[in-house]
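The values are calculated or read from the model by the stated rules, or taken from the named source; none is laboratory data. If you're wondering where the values come from, they're calculated on a predicted model, not measured in any experiment. So basically every Cβ, Gly included, is an ideal-geometry build from the backbone, and we count neighbours across all protein chains shown.
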Amino acid sequence: MTFSLTKLLTFDEFIAQYGDDFRYELADGDVIDMEPNGLHEAVGGKIAAQISGAVASADLPRFIPRTCLIRPFDGVATARRPDVVVLDETVLVDEPRWEHEPVITLGRSIKLVVEEVSTNWETDYARKVEEYALLGISEYWIADFRGLGGMAFMGKPKRPTLTVCQLVGDEYQQQQYRLGETILSPLLSSLRFQLDYLLPR
């Protein structure tokens with residue numbers, strides 16, 4: 001849901017007003033209520049657990065922050081708050097804002113981003129694909145555990161899908177996984193799980 005504001009917010013105004021509130025992100029100056037619920041949080045937690053296990057087993061200098069904002073472009077009033085993000089600890093020294101606030105501005109700091117699809121599925125399947133590719137994020141997952149996305153993105157029939165987007169050049173190549181299929185990550189070779197694990201039990 002997009003708020004109706006009398007004026008658009010700048011990136012810094014958004015940080016001052018909503019930076020600590022996990023519900024909101026910013027798109028072209030408009031505040032977006034991401035409308036999280038318990039099921040959404042449960043799925044995000046399960047995904048984070050799988051990724052954390054793979055990062056730990058590979059002994060990589062990476063971690064999943066408790067919260068984080070991504071600023072895709074300078075001069076644009078957009079701030080993304082992904083459901084899960086994996087950061088490269090060795091690169092954060094170059095992040096201009098990180099020491100004082102959890103804001104990422106450099107694509108090379110981010111190894112993996114996960115977005116859970118909700119009613120505004122167009123953003124996850126289209127706009128964020130472009131933003132994250134332009135930022136140079138090497139891997140982006142679209143977790144559509146309710147099969148909400150459009151048929152042009154998911155195929156027919158619509159069903160639970162996890163799409164792994166791997167950056168090749170300046171565009172993502174996409175691999176879709178359905179129930180019963182083992183999800184593979186080009187970034188995390190030890191990661192093995194199925195979409196079934198994410199669904200409510």
Q) Which number in (1) at pLDDT below 95; (2) surrounded by 15 or more Cβ atoms within 10 Å (Cβ to Cβ); (3) within 27 Å of residue 193 (Cβ to Cβ) marks the one condition that residue 72 misses? A) (3)
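Mind listing just one residue for me: the one in the range 100-110 that is within 24 Å of residue 50 (Cβ to Cβ) and over 11 Å from the mean Cα position of the chain (by Cα) and, of those, surrounded by the most Cβ atoms within 10 Å (Cβ to Cβ)?
Going residue by residue through the range 100-110, those that are within 24 Å of residue 50 (Cβ to Cβ) are 102, 104, 107-110.
Next, only the ones that are over 11 Å from the mean Cα position of the chain (by Cα) stay: 102, 104, 107-109.
Numbers: 102: 18, 104: 26, 107: 17, 108: 15, 109: 24.
The selected residue is 104.
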(Q) Being free of Cβ contacts under 8 Å to residues at least 24 places away in the same chain, under 17 Å from residue 120 (Cα atoms) and not in a loop (DSSP other than H, G, I, E, B) is the filter here; which residues of the range 23-74 pass it? (A) 41
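Yes or no, residue by residue, for (1) surrounded by fewer than 19 Cβ atoms within 10 Å (Cβ to Cβ); (2) among the hydroxyl-bearing types (Ser, Thr, Tyr); (3) outside any loop (DSSP other than H, G, I, E, B):
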site	(1), (2), (3)
127	yes, no, yes
132	no, yes, yes
137	no, no, no
143	no, no, yes
149	no, no, no
156	yes, no, no
175	yes, no, yes
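Run down 62, 71 and say which single residue is farther than 19 Å from residue 134 by Cα and under 17 Å from the mean Cα position of the chain (by Cα). Steps first, please.
Numbers: 71 fails: farther than 19 Å from residue 134 by Cα.
Just one listed residue meets the conditions, 62.
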Q. Which of (1) over 22 Å from residue 11 (Cβ atoms); (2) within 11 Å of the chain's Cα centre (by Cα); (3) in a loop (DSSP other than H, G, I, E, B) is the odd one out, the single condition residue 90 does not satisfy?
A. (2)
Q: Answer yes or no: is there a residue in the range 75-84 that is among the β-branched types (Val, Ile, Thr), in contact with a strand residue (DSSP E or B) (Cβ under 8 Å, 6 or more places away or on another chain) and surrounded by 15 or more Cβ atoms within 10 Å (Cβ to Cβ).
A: yes
